[in-house]
Amino acid sequence: MKVIGKDVACAAVFALLGAVVQPVQAHEDHSHHQMQDMETKQPIKLTTVDYAIPSIQLVREDGEAVDLASELNDGRPVLVNFLYTTCTEICPLTAETFSKFQTKLGKNRDKVHMLSISIDPEQDTPASLKKFSKKYKAKSQWNFYTGTTSASIEAQKSFDAYRGDKMNHVPVTYLRAAPGQSWLRIDGFVSPEELVRSYKELTSVK
């Protein structure tokens with residue numbers, strides 16, 4: 001009777017452990033899938049758009065006052081995005097994409113002009129933009145711009161990127177092959193590889 005009692009007790013213990021352990025394993029597996037879902041990048045959206053960019057006075061990271069339209073029309077293909085240096089979510093990802101894009105182009109990076117325009121010009125001084133540019137290893141073809149709040153808003157509206165507040169901004173990248181041509185608008189988190197592919201297709205670069 002005692003042996004049977006031990007067996008029964010052991011069976012009860014193992015049954016209890018099984019009841020406890022199994023849900024924990026299931027919960028861990030579920031958490032893993034949730035993490036994968038959160039890390040899955042949403043598909044990007046590509047649209048061909050015509051934008052009329054007016055004369056807007058901005059200040060480059062080197063302190064030089066410039067006209068945005070002139071900066072865009074220097075004859076090279078151009079890439080444009082909007083960001084701000086204290087952003088902790090969208091901007092680090094889009095800046096890293098630009099950084100990897102220039103790396104993938106290698107010695108051909110000087111053939112393109114990359115522009116990042118601040119949507120928080122009150123905080124983003126030329127000095128802070130220059131520091132930000134060094135963080136992402138920006139080369140000479142990648143410039144950063146600030147200016148007055150009104151100038152920043154006007155630039156954002158010109159690209160249909162203004163969302164009323166910096167906290168509401170969304171990831172958008174703009175690519176144009178040459179002055180006078182249409183823009184390729186890329187909504188979403190485009191990868192460096194996707195950006196390089198779009199750039200080469202648009203500019204017919206091999």
Legend entry - Residue under evaluation residue 162, criteria (1) of a type in the set (Ser, Thr, Tyr); (2) more than 16 Å from residue 94 (Cβ to Cβ); (3) open to solvent by less than 20 Å² (accessible area, probe 1.4 Å), criterion not met: (3)
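Take residue 130 and tell me if it is without any contact (Cβ under 8 Å) to a residue 24 or more places away in the chain, open to solvent by 40 Å² or more (accessible area, probe 1.4 Å), assigned to a helix (DSSP H, G or I) and out of contact with any strand residue (DSSP E or B) (no Cβ under 6 Å at 6 or more places or on another chain). Steps first, please.
Working: without any contact (Cβ under 8 Å) to a residue 24 or more places away in the chain: no; open to solvent by 40 Å² or more (accessible area, probe 1.4 Å): yes; assigned to a helix (DSSP H, G or I): yes; out of contact with any strand residue (DSSP E or B) (no Cβ under 6 Å at 6 or more places or on another chain): yes.
So residue 130 fails the test.
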Legend entry - Pairs where the first residue, in region 162-186, is under 20 Å from residue 48 (Cα atoms) and the second is in a loop (DSSP other than H, G, I, E, B) and open to solvent by 50 Å² or more (accessible area, probe 1.4 Å), C-beta under 6 Å, 6+ apart: 171/189; 179/73; 182/50
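Residue check: is residue 140 of a type in the set (S, T, N, Q) and either free of Cβ contacts under 8 Å to residues at least 24 places away in the same chain or open to solvent by less than 20 Å² (accessible area, probe 1.4 Å) (or both)?
no
Given the criterion open to solvent by 10 Å² or more (accessible area, probe 1.4 Å), of a type in the set (Lys, Arg) and more than 25 Å from residue 53 (Cα to Cα), identify the matching residue among 100, 111. Don't jump to the end; show me each part of the working.
Numbers: 111 fails: more than 25 Å from residue 53 (Cα to Cα).
Answer to the selection: 100.
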Legend entry - Filter result for the condition that a residue is within 21 Å of the chain's Cα centre (by Cα), under 28 Å from residue 202 (Cβ atoms), of a type in the set (A, V, I, L, M, F, W, C) and part of a loop (DSSP other than H, G, I, E, B), over 155, 138: 138
Inset, instruction - Considering every residue within region 66-83, establish whether at least one is touching a residue at least 60 places away in the same chain (Cβ under 8 Å), surrounded by fewer than 19 Cβ atoms within 10 Å (Cβ to Cβ) and among the polar types (S, T, N, Q). - result: yes
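The values are calculated or read from the model by the stated rules, or taken from the named source; none is laboratory data. These figures come from a predicted structure and were not determined experimentally. Reconstructed Cβ throughout: ideal geometry from the backbone, glycine too, with neighbour counts over all protein chains shown. When the accessible area is computed, the model is the full protein with side chains, heavy atoms only, and any ligands, DNA or RNA have been set aside. Shrake-Rupley method; radii C 1.70, N 1.55, O 1.52, S 1.80 Å.
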